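Student: This structure is in structure tokens; I'll ask about it shortly.
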Amino acid sequence: MIEQLEADGIQLQFGNRIILSDVYLSCAKGSIIGLLGRNGSGKSCLLQAIFGILACEKSIRINRVSCNEAYKNPSLISYLPQFHFIPNSLSLKDIFEVYALDYSIFELQFPLLQIPINQIFRNLSGGEKRLIEIYIIVESTAKFALLDEPFTFLNPIQIDAIKSYIKSKTTTKGFVISDHLYKHILDISDTNYVLANGKTHLIKQFSDIERLGYISIENS
């Protein structure tokens, strides 16, 4: 049986503003799901709700088994937030030891970096930090990975490397990715949703993205 993540029944409201009201999202192991939407549409809230760190009414399931607090079980879902989450004071040696990862394998995966293992995290560029954080999240034992703005801070060469890396990891997990650099998502995704007016809309053709007000095709 193919592992399946499903999210629906999500209700989130801040004051009088409805953020999420009619959401359905499905991700199977081996697939990359793109989550598109304008700034403030609720994409990050949706990913946080799926991960379980945002309290709201919801139904999150893996293989039809409820997992509304997935963050408590590292084998279920991993989550990359928009912001840097690794403490600046740690060295790369410390970081890779904490997450039980082999730095030499990371170096083989991204040979262009060439960062000494004793380098302190605060001294890295924004792109280098982001790349390391993505690697840590993706290399976790979780069945699914939620990536919020993974391409932020990355230069074009790093983006290409990360896209290839993510695609290579679909043999072991499923991905839900949100990023304002939507062309990179469309380049690697199997299925895409646009989040608009609190609802997820399954994209069947490229023109649907314009119809839902996310982009203008003429300017894309």
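Quick note: the coordinates plus some simple rules give every number you see, no bench work behind them. All values reported here derive from a predicted model rather than from experimental measurement. Here the Cβ is made from the backbone with ideal geometry for all residues, glycine too, and neighbour counts use every protein chain on show.
Student: Could you list all residues from segment 15-29 that are surrounded by 15 or more Cβ atoms within 10 Å (Cβ to Cβ) and in a loop (DSSP other than H, G, I, E, B)?
Tutor: V23, K29
Student: Can you give me the number of residues within segment 44-85 that are of a type in the set (V, I, T), in contact (Cβ under 8 Å) with a residue 24 or more places away in the chain and in a strand (DSSP E or B)?
Tutor: Residues flagged as of a type in the set (V, I, T), in contact (Cβ under 8 Å) with a residue 24 or more places away in the chain and in a strand (DSSP E or B) within segment 44-85 amount to 3.
Student: Same structure again: Quick check: anything in segment 133-149 in contact with a His (Cβ under 8 Å, 6 or more places away or on another chain) and without any contact (Cβ under 8 Å) to a residue 40 or more places away in the chain?
Tutor: Checking segment 133-149: not a single residue is in contact with a His (Cβ under 8 Å, 6 or more places away or on another chain) and without any contact (Cβ under 8 Å) to a residue 40 or more places away in the chain.
Student: Hey, can you tell me all the residues within segment 49-66 that are surrounded by fewer than 22 Cβ atoms within 10 Å (Cβ to Cβ) and either over 25 Å from A100 (Cβ atoms) or in contact with a Gly (Cβ under 9 Å, 6 or more places away or on another chain) (or both)?
Tutor: L54, A55, C56, E57, K58, S59, R61, N63, R64, V65, S66
Student: Scan G9, G34 and give me the residue that is in contact with a strand residue (DSSP E or B) (Cβ under 8 Å, 6 or more places away or on another chain), buried (at least 16 other Cβ atoms within 10 Å of the Cβ) and part of a strand (DSSP E or B).
Tutor: When all the criteria are applied, what remains is G34.
Student: Would you confirm whether any residue within segment 105-125 is outside any helix (DSSP H, G or I), without any contact (Cβ under 8 Å) to a residue 60 or more places away in the chain and in contact with a strand residue (DSSP E or B) (Cβ under 6 Å, 6 or more places away or on another chain)?
Tutor: Yes, segment 105-125 has at least one match.
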